[in-house]
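Okay, so here's the structure we're looking at.
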Amino acid sequence: MSRVPRGRSPAASADGVLPSYAVEYPSRAFSSHAVNGRRDEYYLTFDDFSPIPLTLPFVPGTSTEVAQVVKEGGHRALRQLITDAPFVKDISSVQSLRKTDFLFGDSVRDPDAVFIDAEQWLHKNSGGFIYFPKIPRHRSLTELRRQAAKREMSWRLTEEHESVHCGYINHQAAPGSSRNHIIGLHPGVLGLDALPRNEFLASASTLRNRLADLGREMPTMRHRFYGWVHSLDKLWWTRMTKYVLSRWSEELHACGLYAAIRASMYGLPVSAKHFFALCELYNPDSNTFLTRHGELGLALHEMHKISGLPMGQMLYQEYFPSNHELSQLKDPKRTKSHVSLKQFASYLFRNLEINSGEAICELAPLTPSGVNSLLKKIDAHSYTISSPESGFPSGTKFKSFLWHATAPIRPMTPLAGYLAIWLKKFVLPYQSGDSLPLEVLYLAVQLAYKKELSLLPVMVANIHRGLRQISSAFTRKESESPAQIPTIKVELPYTYLMAWFVLHRSDMMSFSSRYGECLIDEEKPREYRTHLDIGCFNWLVNIRPGYLTFRVRNQCFIEPYLPCRFARQFGYDQLYIGNPRQQLRTHRGLVDGLRAWLWTVTGCTGAKFSLPSAERQLNLTFLSCRWLLAANKTVPVKPIEELVAGEASQVDSRVIRDGARSQRARGKTRRIDEEGNKAFSSAGEASGGDPEDYEEDFERGTATDSEEEFHPFTRARPSTVAPAARRKKLVRKPRADP
């Protein structure tokens with residue numbers, strides 16, 4: 001194994017030539033406003049008043065053993081939480097514990113104080129007093145920082161061992177083996193040839209296998225790719241992007257977005273067959289793509305190489321700030337909702353279409369007659385407040401915000417407008433319907449004024465959210481045609497995903513430190529901040545288990561990020577991890593989103609890790625080879641006749657069960673009526689508390705809470721208690737005659 005000498009920069013090879021695959025993470029220190037890399041006590045020790053009550057990290061009734069094991073957060077417990085391995089207190093325990101919803105605790109309901117009502121903005125500028133209509137408002141996640149969940153994260157993420165039993169696979173037969181020096185990425189099982197106790201091999205729950213279990217195959221072309229960008233020189237998107245890059249070149253270079261915007265100018269040609277070929281390999285349980293050579297994941301350093309998007313130091317949140325938060329800005333802006341992206345672009349930049357024959361120019365101020373015309377169109381009027389409001393005395397007269405459009409537009413305003421379009425068309429298309437949501441405007445202004453938002457993690461989270469939505473839709477059971485795949489509208493950044501698919505390399509990395517160097521995430525004295533620089537801390541975030549959080553209004557998409565499952569993409573050897581767990585939460589409220597985000601960006605954890613060597617042969621342990629062979633077993637597509645028969649059996653079972661329940665309910669109603677105690681208004685009310693009613697409620701709850709749940713094939717795992725989904729199948733079977 002070759003190593004780069006300690007005195008040599010990692011960006012240069014032995015002959016002094018810069019490698020073409022290097023990703024340069026900055027070696028500078030964190031800025032004072034950055035949340036990343038802070039010690040967890042930093043979030044918990046704020047003494048400012050917060051109207052939001054603290055929520056517990058675990059649901060009521062959680063045992064002391066569960067809380068203790070989760071808080072201690074050792075390698076073994078962490079691996080058990082992200083896989084289907086039994087969750088036990090220690091290595092000698094045989095009693096399984098309840099697994100929590102997240103790696104840091106349970107999902108909680110957002111307190112009512114988290115939500116705020118629509119507010120009207122009153123403002124004074126050089127033109128007088130103006131008002132904005134009432135707009136739904138939201139709290140920033142930073143207002144919830146005291147809800148952070150304290151946890152132990154002093155893991156040794158990388159570990160070197162000599163002469164470990166490694167494997168290789170020939171023609172998908174049995175794995176071969178050899179003894180090698182390895183650098184493993186935890187949490188993983190090292191050095192074992194046999195599976196840990198109570199763990200079993202199974203076919204992976206890829207989308208291809210899920211569809212086969214439903215008797216379906218991937219569609220050929222019946223899918224509309226909302227969010228896939230492909231443009232030519234003559235089209236409005238490319239013309240506008242060229243103008244913006246030329247007009248604000250200096251500003252975009254200063255805020256680090258020039259390369260990212262330049263990369264989005266043309267996009268990629270749409271290719272349904274390549275996208276569906278990638279989708280077949282996707283496993284929503286682990287957010288990875290299963291190939292015969294191993295699992296692949298959307299590693300953050302690779303996505304940075306492809307997109308040019310920054311890791312950033314401030315959380316990306318799509319929300320409309322409250323009046324209190326807007327009061328800290330000099331000049332808040334608002335635009336009409338339900339305006340298409342192209343309409344908004346044509347409003348900001350004139351002559352975008354090439355057939356206009358004129359040069360692109362920016363928005364000009366409105367004339368008073370133009371404002372009056374708009375006021376008449378929307379039926380807006382001035383009004384006078386009758387009592388003091390927002391710091392203004394009673395009797396103050398306010399006119400519509402449209403009068404502000406008569407002032408000359410600031411140079412940064414069109415740039416902020418373009419960034420809003422760029423975010424929703426290319427980077428983070430979600431629920432926009434090709435329209436511009438209000439919640440993105442505040443973010444665009446922050447980017448224009450050089451705020452370092454975390455665009456990269458949220459873009460990857462949005463890809464996983466979209467793939468999960470596609471997987472759920474393609475595998476949804478339809479009563480009309482069991483073998484037909486529903487056609488739905490799913491928005492995700494297809495261009496970045498397919499660029500990763502086409503350009504994927506496993507060695508796209510570089511550091512501000514040296515290859516092979518051992519680092520510790522220690523606290524910088526008296527600063528509540530990690531001693532690591534930005535580059536090395538970003539690498540730590542790359543390789544440790546965490547979450548990618550995408551916040552939209554009052555909901556958060558919380559996608560697990562498990563780099564231990566695709567360690568070779570980071571230059572480490574692949575250890576055995578196990579079958580992915582199916583019940584990790586992915587869509588919750590603001591408190592859960594805050595805790596997941598802080599779990600990922602917390603520093604000063606004491607975690608130890610080594611940077612990978614510059615050039616070395618990457619290995620799989622023998623046990624990980626065995627798991628890979630089992631996971632890659634495909635499931636044959638079920639015949640339509642078998643699926644139809646199964647559906648008919650379930651219908652008959654439900655009819656029999658409903659008939660028996662109705663008969664018992666009528667009998668119960670008659671008995672109580674004869675006694676004169678109570679008369680029920682319905683059979684359903686009369687049958688309250690019946691065990692079969694509970695089974696039906698449980699069945700409905702399972703279908704609702706776990707609609708994306710999938711059950712692995714060829715599992716040979718013995719169990720005395722049937723899992724939830726198995727119980728669901730059992731209650732649907734016709735009852736045997738006694």
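Here, each number is a calculation from the coordinates, and none is a lab measurement. Since we're looking at a predicted model, the values are computed, not measured. Here Cβ is always computed from backbone atoms with ideal geometry, including for glycine, and neighbour counts include all displayed protein chains.
Annotations for the structure displayed:
- Order by protection proxy (mean Cβ within 10 Å, highest first), peptides 107-113, 438-444: 438-444, 107-113
- In Hz, Karplus ³J(HN,Hα) per residue of region 546-563 (6.51, -1.76, 1.60; θ = phi - 60°; x = Gly, Pro): x, 9, 10, 10, 10, 9, 10, 6, 9, 10, 10, 8, 10, 9, x, 10, 10, x
- Computed extension gain for residue 350 through residue 178, at 0.36 nm per residue and net of the alpha carbon distance, reaches 55.3 nm.
- Cα gyration tensor shape for region 558-639, rounded if a/c is under 1.5, else prolate or oblate: oblate
- Working note: Karplus 6.51/-1.76/1.60 with θ = phi - 60° gives region 245-251 the couplings 4, 6, 6, 10, 4, 5, 5 Hz, where Gly and Pro are set to x.
- Mean Cβ neighbour count within 10 Å, used as a protection proxy, ranking 383-394, 405-416 highest first: 405-416, 383-394
- Peptides 90-101, 566-577, ordered by how many other C-beta atoms sit within 10 Å of their residues on average, highest first, read 566-577, 90-101.
- In this structure, the amide hydrogen of residue 561, modeled 1.01 Å from its nitrogen in the peptide plane, lies closer than 5 angstrom to those of 546, 547, 548, counting only residues at least 5 positions away or on a different chain.
- Built amide H within the under 5 Å cut-off of residue 119, gap 5+: 135, 137
- Counted by Cβ distance under 13 Å from residue 626, the other residues give a net charge of -1, where Lys and Arg count +1 and Asp and Glu count -1.
- Here each label is just a point 7 Å from Cα along the line to Cβ, and for residue 502 and residue 233 those points are 1.9 nm apart.
- Here the label points at residue 27 and residue 434, each 7 Å from Cα along the C-beta direction, are separated by 4.9 nm in the simple model.
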